[in-house]
Amino acid sequence: MLIFIDLLVLLVALIFGSFFNVVAIRLLQKESIAFPPSHCPNCNHRLHALDLIPVLSYVFLKGKCRYCKTTISPLYPFGEILAAFSIFFVYKHVGLSLELIPALLLTILLVISVLTDIREQLILDIVTFPMLGLIVLSRIFIGTEPFWFYLLGGLIGFGLLLILAIVSKGGMGGGDIKLYAAIGVALGPILTVISLVLASFVGAIVGVLLLMSGKVKRGQPIAFGPSIMVGTLIAYTYGYDILNWYLSFW
């Protein structure tokens, strides 16, 4: 039974990942996420069920549109796999409990933010603000700490990123700042700080690797969203373990 539930969660997460791709692309283009139906952005041919199977359609079609043979961006299967892995990762940590509600809201926000950030280096208010509202609402009723604890986390998340943006003179985008307000409400103050430390560490490693590979030049902006997502999910699931491990040295 447990294996069946796990497989069901993965399948549903893959399907949602496909939808998150649509949300990211269409909101960046200021289009409706509902109409028109899914279609090839090059030839505008309407896509059918066999064209929309998460990951598998991309593999079987060899990364090309069935109708005009235009190359399909690998960001499509990437978004589906990212959603499936992250949702399943959080689900296995939280289980089928009420805490899964704010956890999933946060994960969905992170996935869509990563997809828009990678494409256009933008984290959209039209996604962040509604999800922030839903996370705040969920924290009124769900959580191991009092509600003020989570609000404090939101203030700290927003404040720390705002300070970093001021100090770096624009090196931190406004979308990142507002995203961390939502992260703070979901995680609370302690895990939010750990999330930021981990995200900065991951971001530094990614930046060095990209510079060494020649994919980016010194001074060229790099999407911070993926690093935020990695740092946040690790902090949410193992943050207190990491903190206790660190404090054990002192």
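Every number here is computed from the coordinates shown, using simple stated rules; none is lab data. Here the structure is a predicted model, which is why all the values come from computation and not from measurement. Virtual Cβ from ideal backbone geometry, glycine too; neighbours counted across all protein chains shown.
Values for this structure:
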| item | result |
| --- | --- |
| Set of lysines near residue 178 by C-alpha distance (under 22 Å), chain-local residues within fewer than 8 positions excluded | 30, 169 |
| Cα convex hull of region 149-241, projected area averaged across orientations, nm² | 5.7 |
| Low-density loop cleavage sites - trypsin sites (Lys or Arg not before Pro) in region 160-250, where at most 13 other Cβ are within 10 Å (DSSP) | 169, 215, 217, 218 |
| Ranked 139, 119, criterion: other C-beta atoms within 10 Å, fewest first | 119, 139 |
| Cα-based helix-to-principal-axis angle, 2-28 vs the chain, degrees rounded to 10 | 80 |
| Percent breakdown of C-alpha pair distances by 10 Å bin, ordered from the shortest bin, for region 1-41 | 26, 39, 21, 13, 1 |
| Peptides ranked, highest mean first, by Cβ atoms within 10 Å: ranges 66-75, 109-118, 193-202 | 109-118, 193-202, 66-75 |
| Positive-end residue of 164, 70, 235, charge dipole of the chain with Cβ unit charges | 70 |
| Average projected area [Cα convex hull, region 42-111], square nanometres | 5.6 |
| Length gained when the stretch residue 28-residue 210 is fully extended (0.36 nm per residue, less Cα-Cα span) | 63.0 nm |
| Theoretical FRET efficiency, 1/(1+(r/R0)^6), r = Cβ-Cβ of residue 165 and residue 99, R0 41 Å, to 0.05 | 0.85 |
| Estimated dipole of the chain in Debye, rounded to 20 [Cβ of Lys and Arg +1, of Asp and Glu -1, Cα centre] | 880 |
| Cα Rg, Dmax, region 103-199, angstrom units | 12.7, 38 |
| Cα-only radius of gyration and Dmax that characterise the chain, units Å | 18.9, 63 |
